[in-house]
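First the structure, in the form of structure tokens, and then the observations on it.
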Amino acid sequence: MRRKLSFHTLMVLVLALSACSGGGSGGDAPASGSSSQSGNTPTSTTNQIALMVDSGPAGTTTINELYTSVTICAPGTSICQTIDHILVDTGSTGLRLMASELDSAMLAALPSSFDSGGDVLAECAQFVDGYTWGPIRFADIKLGGENASNVAIQVVGAPNFAGTPLICQNTGVAENTVQSFGAKGIIGISVFTQDCGQYCATHNPNGMYYTCHGSVCSATLAPLAKQLWNPVALFPTDNNGTMISLPSVPSNGATSVTGTLTFGIATQTNNQLANAAVLTVDPIYGELTATVGSTTYTGSFLDTGSNAYFYDIGLFPHCQYLAGFYCPSNAQGQSGILQGRNGQTLAADFIVGNPELLLAANPNIAVYSQLAGPSGMSGVDFGLPFFLGRTVFTAIENRTTPAGTGPWLGIIAN
């Protein structure tokens, strides 16, 4: 089965700067420290959109969070809305939007998803640091010149909707607001087509999908067509994967970074593989093997939705104020190697720095390549810092590319 208890998203920290300054598989598709860094300049190419790492939407203060803007429309209509500061996550699947960011006309126009008995379908999406709860609605998704029609999305924290089931509440902290989530929504563009796949289509309970009759919600099966889908997989073209390109940043961080998200792999002149190292991943969990120092971690993965390198538990002193992160007294170099299931390897060295010292010197930093923290997982989570200074391809499961059928990851050092 596909991993269903975690989408590999570790949004562990919404930084409190005041404190710092003090110290499946497929199925039928549904119908300098104070400077900014610029990557590839976004163009008018229809298969490319702009990315931004900054301090987050109003009311939040984040670090190493990768955002874009997404346009949604009520299916088949001109009722549309563009929402900024949507977290881009290669470790989850599907679009989830905060209800508070949808205007009233849009919220009213998005049709609900129903089961065969006429009850509303809802989801408890579980992340490593918490969960989101809300009904499933349908929307057309527009990303640059690419369109996915009538796609199931989650409306998180929808008003006047059934309360969160106890079993969902017990999975962690509720992240049903922009302030608690650190974003206005999240768009998952992982190697997978659906967010749960055959497991949720054949297992009840599955921990994710529910039907709600009034205020009472019960666990349910979720057919593939009614699950949240990777929107890229639903594009008419450029639908076999994605390419994320971000610049490197100085060792003392940056206040912002811009980059690009390009749709398709080797489908146009701007998404060619060139000399990318191609590493195939486990088709169930999307994982590969990593070696850091002398330790091998079998359940490792690359994830823009995580804001740091997360691995091991006691390698370095923990931060005093920034819970969940390492704060060594001096920067520590780490030798790393990634290995795909196909045997392909790639050097992945990195540095573990001290974010408390950095932010005390410059509290406006929003991008930091040396952020790392402990993890109880068996693998290494190569979060957003890994993507800085690289171009990373994510090939979707069962989709054909010149480098073979997905799922796989391709990596180029910029």
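List of remarks:
- Residues of segment 265-301 satisfying the condition of being small (Gly, Ala, Ser) and under 20 Å from THR90 (Cα atoms): ALA266, ALA276, ALA277, GLY286, ALA290, GLY299, SER300
- Note on segment 80-105: residues that are under 22 Å from LYS226 (Cβ atoms) and surrounded by fewer than 17 Cβ atoms within 10 Å (Cβ to Cβ) amount to 0.
Residue by residue, here is whether (1) buried (at least 21 other Cβ atoms within 10 Å of the Cβ); (2) under 20 Å from LEU221 (Cα atoms) holds:
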| site | (1), (2) |
| --- | --- |
| GLY118 | no, yes |
| CYS124 | yes, yes |
| ASN147 | no, no |
| PRO165 | no, yes |
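- Conditions (1) more than 30 Å from SER55 (Cβ to Cβ); (2) touching a strand residue (DSSP E or B) at 6+ places or on another chain (Cβ under 7 Å); (3) not aliphatic (A, V, I, L, M): number failed by LYS184: (1)
- Restricting segment 167-186 to residues that are in contact with a helix residue (DSSP H, G or I) (Cβ under 9 Å, 6 or more places away or on another chain) and more than 24 Å from PHE114 (Cβ to Cβ), the residue that is surrounded by the fewest Cβ atoms within 10 Å (Cβ to Cβ): VAL173
- Selected residue [closer than 16 Å to THR391 by Cα and assigned to a loop (DSSP other than H, G, I, E, B)] from LEU315, LEU273: LEU273
- Candidate set: segment 218-242, residues that are small (Gly, Ala, Ser) and part of a helix (DSSP H, G or I); chosen: the one modelled with the highest pLDDT: ALA233
The values are calculated or read from the model by the stated rules, or taken from the named source; none is laboratory data. This structure is a prediction, so every number in the text was calculated from the model and none was measured. Every residue, glycine as well, gets a Cβ built from its backbone with ideal geometry; the counts of neighbours run over all protein chains shown.
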